[in-house]
Amino acid sequence: MTVEPLMAGKKGLIMGLANDKSIAWGIAQALDAQGAEIAISYQNEALEKRVIPLAEKLSIEPTLIKCDVSDSKSVEDCFKALGEKWGKIDFVVHAIGFSDKDQLKGRMIDTTLDNFLNTMHISCYSFIEACRCASPYMSEKGSIVTLSYLGSERVLPNYNIMGVAKAGLEAAVRYASVDMGRQGVRVNAISAGPIKTLAASGIGDFRKILRWNELNAPLQANVTQEQVGRATLALLSPLGEAITGEVIHVDNGYNVISMINLANAKESGEVLCEF
Ligand code: NAD
Ligand code: 0WE
């Protein structure tokens, strides 16, 4: 029996590809494996050099578009170009976040207005704007997914204003699900566990964050780009049919845990904390 690929004939945009470690790359590969035709947007020329060789690895040649979400015209032009090229867009993936590195430490309350506005702009408003610009072109039964993190719901050291932006992002998912539900389009977020990507590099103690999650998640492991890719595929495909306005944790269950597992911590022999 031959089964039709889940994304056969479907076309859509992935925003936020920086390199082969990006969550966006895990998503691109999962969609490609199921027959999707993909457009990839990248932030600037420096990243274009990294994106081109990745694009060559996909089975259907992707469309590459420069799109800097700090510039509204750039976002508008991106969707217009795709709408004109394809007629209809079946899916959009938003995998973009940014805050000034200096403010991903210390106290959240010390954030500057300038950094607050920029973090909100790039990490939250850009999703809203992408939904609005995509809206005229989305096919009925289209699907949109953005990426969030547990720091939106609970406090982790140093995530700070990004947590506030992700809380806004998750609320935006709920409101957009109503706005776009009228045209049959579903809107969801995936709240991924920590993954070593460019956006995680240079974060002090990221190794410890990874180890902490691995020791304490119900499935005793960290998540991979590929796993987030396949969960995103499910939400973008007909498998996700009745799911909208939702934030789905793809974190090996870490978010349900309250107290750490002392036995696992001891067994690891690492000094993550001492009682
Ligand atoms: P990444 O660095 O590979 O991707 C972040 C992307 O944001 C980059 O491609 C970058 O170019 C893009 N970006 C930043 N500013 C932009 C701008 N002005 N215009 C256009 N693009 C811009 O890192 P990632 O971890 O794959 O991040 C993707 C998403 O996943 C982010 O929303 C992040 O918050 C979220 N996330 C990451 C983790 C993790 O641990 N890595 C966990 C949960 C959620
Ligand atoms: O959302 C993210 C990444 C957020 C991020 C990271 C950077 C680093 C480089 C946003 N902006 C920047 N700006 C830079 O200049 N994650 C979920 C990964 C992440 O980031 C953290 C984490 C985790 C997990 C920051 C502090 C604490 C935990």
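A short reminder: the numbers here are calculations on the coordinates, not readings from a lab. Bear in mind the structure is a predicted one, so any value in this text is a computation, not a measurement. With ideal geometry, Cβ positions are generated from the backbone for all residues, glycine too; neighbour counts draw on all protein chains shown.
Descriptive notes on the structure:
- Gap separating the Cα centres of the stretch 179-221 and the stretch 8-31, nearest whole Å: 16
- Exposure proxy ranking, count of Cβ atoms within 10 Å, fewest first, for 15, 259, 1: 1, 259, 15
- Segment residue 270-residue 4, extension gain: residue separation times 0.36 nm, minus the distance between their alpha carbons: 91.0 nm
- Using C-alpha pairs under 8 Å with a sequence gap of at least 6, the mean separation divided by the residue count of the chain gives a relative contact order of 19 percent.
- Highest mean packing first, where packing is the average number of other Cβ atoms within 10 Å per residue, the peptides 233-239, 19-25 line up as 19-25, 233-239.
- At most 10 other Cβ within 10 Å, DSSP loop - GluC sites (Glu not before Pro), the stretch 16-103: 56
- The residues 161, 203, 27, 109, when put in order of fewest to most other Cβ atoms within 10 Å, stand as 109, 203, 161, 27.
- Placing pseudo-labels 7 Å out from each Cα toward the beta carbon at residue 255 and residue 48 gives an inter-label distance of 3.7 nm.
- The loop-placed trypsin sites (Lys or Arg not before Pro) in the stretch 38-103, going by DSSP, that have at most 15 neighbouring Cβ atoms within 10 Å of their Cβ come out as 57, 88.
- Long hydrophobic helices in the chain, taken as whole DSSP H segments with a C-alpha length of 27 Å or more on their own axis and mean Kyte-Doolittle hydropathy at least 1.6, are absent.
- Cβ crowding within 10 Å, taken as a proxy for footprinting-reagent exposure, orders 10, 141 from fewest neighbours to most as 141, 10.
- For residue 141, the lysines whose Cα falls under 20 Å of its own Cα, not counting residues fewer than eight places away in the same chain, are 10, 11, 80, 85, 88.
- The trypsin sites (Lys or Arg not before Pro) of the stretch 151-246 that DSSP puts in a loop, and whose beta carbon has at most 11 other beta carbons within 10 Å, are 154, 182.
- Relative contact order, percent, the stretch 218-275 [alpha-carbon distance under 8 Å, six or more residues apart]: 42
- Modelled label positions at residue 88 and residue 203, each set 7 Å beyond Cα in the direction of Cβ, lie 3.8 nm from each other.
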